[in-house]
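The values are calculated or read from the model by the stated rules, or taken from the named source; none is laboratory data. Predicted, not measured: the structure shown is a model, and the values here were computed from it. As a convention, Cβ positions derive from the backbone with ideal geometry for all residues, glycine included, and neighbour counts pool all protein chains shown.
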């Protein structure tokens, strides 16, 4: 059975979404860049892992490569170096499953 649920919060502001999720006001689909530290510290609990996408990309858009200033190329290179497959922002499925199980166990303890 499928039911349409109107969103409680719709925003393109990642920090606002994270703060709403942390406050317990909404359930959110938060990207690795914003969620990893909170999950590892136990402030967020991953749920619905079976519906998680394998990849949500971060994209850097820029103009023509032909007329690209050196500072733009330096920024792109730094961004790739800092974000590409870094464990600081990327969690394995195994790590997410463990965080989900641990977090749900804590929620059950609090409820009883």
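Out of all the residues in the range 31-57, which are at pLDDT below 85 and closer than 30 Å to residue 107 by Cβ?
Hits for the range 31-57 are 31, 32, 33, 51, 52, 53, 54, 55, 56.
Hey, can you tell me all the residues within the range 1-20 that are surrounded by 15 or more Cβ atoms within 10 Å (Cβ to Cβ) and under 10 Å from the mean Cα position of the chain (by Cα)?
The answer is 18, and nothing else.
Taking only the range 23-37 into account, find how many residues are over 12 Å from the mean Cα position of the chain (by Cα) and over 17 Å from residue 51 (Cα atoms).
Going through the range 23-37 one residue at a time, the tally reaches 4.
Within the range 79-95, how many residues turn out to be in contact (Cβ under 8 Å) with a residue 12 or more places away in the chain, under 21 Å from residue 29 (Cβ atoms) and assigned to a helix (DSSP H, G or I)?
So the answer is 2.
This table checks each residue for (1) touching a helix residue (DSSP H, G or I) at 6+ places or on another chain (Cβ under 9 Å); (2) part of a helix (DSSP H, G or I).
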residue	(1), (2)
35	yes, yes
38	yes, yes
45	yes, no
77	no, yes
97	yes, yes
100	yes, yes
103	yes, yes
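Can you find, within the range 21-67, the residue that is farthest from residue 79 (Cα to Cα) among those that are in contact (Cβ under 8 Å) with a residue 60 or more places away in the chain and surrounded by 15 or more Cβ atoms within 10 Å (Cβ to Cβ)?
Out of the qualifying residues, it is 45.
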